[in-house]
Amino acid sequence: MAKLVIVHRNGEKNRRAPQRGNQHNASVVNIGHYRAKLLAKEQELLGLLKRNAITGREEADGTLDEADESIFSHHKEITFAHLDRDAKLLEEVRAALQRIDDGTYGQCLADGEPIPEARLNAIPWAAYCVRHQELFENISDGTPIAV
Ligand SMILES: [Zn+2]
């Protein structure tokens, strides 16, 4: 018998409507699977960003002595690099969730070609097929070109 798993998420309203009628993307069979992965990733990133924001606030208290200060400033550089990366990733994850709502999830943003399931399994927020992703990474240092 199939086991039904219901996951409750704190404070998260069910604001994302279930699939709409015009589901023409037959290549992605289990979109709920990707939605769940994306939502989990969104929460993970929000948690990381929140934690880093708290870490940043500790600095302002001025409670660190000099030794701590040097360790902290080193740590801060790493934290900020992560913060930047996590914030960008969060944007990509949310854009992917939006594409699920729009019914365009799993299609390359550049040419509309289906993104292979293996790629979506590895990177559920992938917005481009491998060919375009590589193209954009080469010319714009990983920042996708607006389409
Ligand atoms: Zn493409």
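The values are calculated or read from the model by the stated rules, or taken from the named source; none is laboratory data. Remember, it's a predicted structure, so these values are computed and weren't measured experimentally. Glycine gets a Cβ as well: all are built from the backbone with ideal geometry, and neighbour counts include every protein chain shown.
Table: residues versus (1) touching a strand residue (DSSP E or B) at 6+ places or on another chain (Cβ under 6 Å); (2) closer than 26 Å to residue 112 by Cα; (3) modelled with pLDDT of 70 or more.
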residue	(1), (2), (3)
23	no, yes, no
38	no, yes, yes
44	no, no, yes
52	no, no, yes
59	no, no, no
65	no, no, yes
69	no, no, yes
77	no, no, yes
### Query
Taking into account only those residues within the stretch 115-147 that are touching a helix residue (DSSP H, G or I) at 6+ places or on another chain (Cβ under 8 Å) and in a helix (DSSP H, G or I), which is modelled with the lowest pLDDT?
130
